[in-house]
Amino acid sequence: MNVRFFQTIPMDYDGNFYNSLVGEDYISKGFSFFTAEQNIRYLKECLEGEKLTPRFRMLNANEKLYHFVCAIFKESGEVAALIETVEIHIDMSIRKSAAISEEILQTLFRMRTEHEKSSDYPFETKLKIK
């Protein structure tokens, strides 16, 4: 499988995550999130037709950014790829970074806490936010 395909997997599922975080009409409210930085590690070869499952984990958040990872699992349970992303909150009226609302920020913090309770994160992360 080529590199481009790996990037479509989390994007296909990310809509569900994004909509659960801010709702489908968030951009009509004048705000959005843009990808600020991304790190992808390809760990196992995948072949066309192979069933792959993405699993997301919230790692951190602050007033303007959130940091998450998508681990792509093979049917065997092996991790095929890790896609680590930092998203930045944007005020679309001025197309600059802006503070995340307290409601959304608290949702991000709750997600992080829930994900931390589920298990330790067994992979080294390359990206960081304060």
Among (1) touching a Lys or Arg at 6+ places or on another chain (Cβ under 7 Å); (2) touching a residue at least 60 places away in the same chain (Cβ under 8 Å), THR125 falls short only on (1)
Within region 1-58, how many residues are touching a Ser or Thr at 6+ places or on another chain (Cβ under 9 Å), at pLDDT below 90, more than 21 Å from SER118 (Cβ to Cβ) and exposed (fewer than 12 other Cβ atoms within 10 Å of the Cβ)? 0
Can you name the number of the only condition in (1) modelled with pLDDT under 95; (2) surrounded by fewer than 18 Cβ atoms within 10 Å (Cβ to Cβ); (3) of a type in the set (A, V, I, L, M, F, W, C) that ALA99 fails? (1)
Of a type in the set (A, V, I, L, M), farther than 19 Å from VAL3 by Cβ and outside any helix (DSSP H, G or I), is that true of LEU108? no
Out of the residues in region 80-105 that are under 14 Å from the mean Cα position of the chain (by Cα) and of a type in the set (D, E, K, R), which is nearest to ARG4 (Cα to Cα)? GLU84
Which pairs do you get when a residue that is more than 28 Å from ALA99 (Cα to Cα), found in region 58-79, comes within reach of a residue that is surrounded by 17 or more Cβ atoms within 10 Å (Cβ to Cβ) and of a type outside the set (A, V, I, L, M, F, W, C), reach meaning Cβ atoms under 6 angstrom, with the pair 6+ apart or on two chains? ILE72/PRO54
Search region 26-48 for residues that are without any contact (Cβ under 8 Å) to a residue 40 or more places away in the chain and pair each with any residue that is acidic (Asp, Glu) when their beta-carbon atoms are under 9 Å apart and the residues are at least 6 apart or on different chains. LEU43/GLU78; LYS44/GLU78
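The values are calculated or read from the model by the stated rules, or taken from the named source; none is laboratory data. None of the values given here were measured: they were computed from a predicted structure. In this analysis, Cβ positions are derived from the backbone assuming ideal geometry, glycine residues included, and neighbour counts consider all displayed protein chains.
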